[in-house]
Amino acid sequence: MNPSDIATTTPLLPMSDALAARFKRIDERPVVLDVLHLGKRFTRGKKHIDALLDISFQVHRREFLCVVGQSGCGKSTLARILAGLDHPTAGQVLVDDMPVTGPGPERGMVFQGYTLFPWLTVHRNVMFGPLSRGIGPNEASARACEWIDMVGLSAFTDAYPDQLSGGMKQRVAIARALANQPRVLLMDEPFGALDAQTRSKMQAHLLQIWQNVDVTIIFITHDLEEAIYLADRVIVLGANPSRIVETIDVPLARQRSRDDLASPQFIATKAHLESLIHPPQQATTIEQLPMPRMTMVGDDVW
């Protein structure tokens, strides 16, 4: 990719020498995923809608990249194209310099819905990928046990999905995606359906897994705090048209904790992301709807 094709990476605050050196090391790693002038157009009759327009970026080995943007800006469409579940109308995606033409074991996918097979146990769910790739049952079983242990569910190996909590189901989904040993793990708002406490635990657990597994993560989210807490870099997608507005280096060192949410770096990053996603000039007043009065006179909420 020509460097001029890549959206500008913005440092928000002066970085420490150690943090600047870390980003330099990331940029020196091999490029695992290369997105080249990607476009996706939907046609409804005579009307054309560009879900994605001229999207270009690179992701390096073991980088954690988050993608944020307004609802409807094309985040999930991008994830589906990267996974090979949908096809672009322009541009291409390369994984290790090989074009993506469909789903492949080098890319794992975790959706917001748990997408587990309800008739299979946790163990059999995680075995499914290796078995479907022709790996023998003994090796597939051993690999499944390793990943189930990695996500902390060894005590639930023989449980069925309907016996698990939402967070546990999503941990099984992560283990199932990683059992194929993908180069890239794609996650499309995987914690969006979880309550706040479980979501926080899953974020911390995901970071622990990522730190111990040779995998590159691309994480789609609408939650800005989640993106800053998890990511090395954040890509901001604009809407109408849907294109990259900016790529931001997250000015927080690893390891991270919840205390970082109150740091000046975190607050400045969140404010900047909010200004990109919801520019002041786009602020509008809430439309006043015709609303019949259904309370007693004098029963006011003001």
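Every number in this text was worked out from the coordinates using simple rules, so none of it is lab data. Just so it is clear, the structure is predicted and the values come from calculations on it, not from any experiment. With ideal geometry, Cβ positions are generated from the backbone for all residues, glycine too; neighbour counts draw on all protein chains shown.
When the Cα atoms of the stretch 1-131 are aligned to their principal axes, the ranges along those axes come out at 52, 48, 29 Å in descending order. Given axes a ≥ b ≥ c from the Cα gyration tensor, I'd like to know whether the stretch 150-192 is rounded (a/c under 1.5), prolate (a/b larger than b/c) or oblate. Cα axes put the stretch 150-192 in the oblate bin. A crude spin-label estimate for the pair SER200 and LYS46, with each label 7 Å from Cα along the Cβ direction, gives 5.5 nm.
A Cβ-based charge dipole, computed about the Cα centre of the chain with Lys and Arg at +1 and Asp and Glu at -1, lands at about 540 debye. Considering only CYS145, TYR160, GLY134, and ranking their Cα positions along the charge dipole of the stretch 108-181 that arises from unit charges at the beta-carbon of Lys, Arg, Asp and Glu, the one farthest toward the positive end is GLY134.
For the stretch 59-166, applying the loop criterion from DSSP together with a ceiling of 15 other beta carbons within 10 Å to the chymotrypsin sites (Phe, Trp or Tyr not before Pro) yields TRP119. Scalar couplings 3J(HN,Hα) for the stretch 170-178, obtained by applying the Karplus form with A = 6.51, B = -1.76, C = 1.60 to θ = phi - 60°, are 5, 5, 5, 4, 5, 4, 5, 5, 7 Hz; x denotes Gly and Pro. First measure r as the distance between the Cβ atoms of ALA239 and ASP158, then evaluate 1/(1 + (r/R0)^6) with R0 = 51 Å and state the FRET efficiency to the nearest 0.05. About 0.65, to the nearest 0.05. Positive end of the dipole of the chain (Cβ unit charges, origin at the Cα centre): among ALA18, SER76, ALA271, the Cα lying farthest that way belongs to SER76.
Each of ASP54 and LYS24 was given a label point 7 Å from its Cα along the Cα-to-Cβ line. The distance between the two points is 3.3 nm. A full extension of the chain between MET98 and ARG254 corresponds to an added length of 53.0 nm, given 0.36 nm per residue minus the alpha carbon distance. Hull volume per residue, based on the alpha-carbon atoms of the stretch 108-181 and their convex hull, is 77 Å³.
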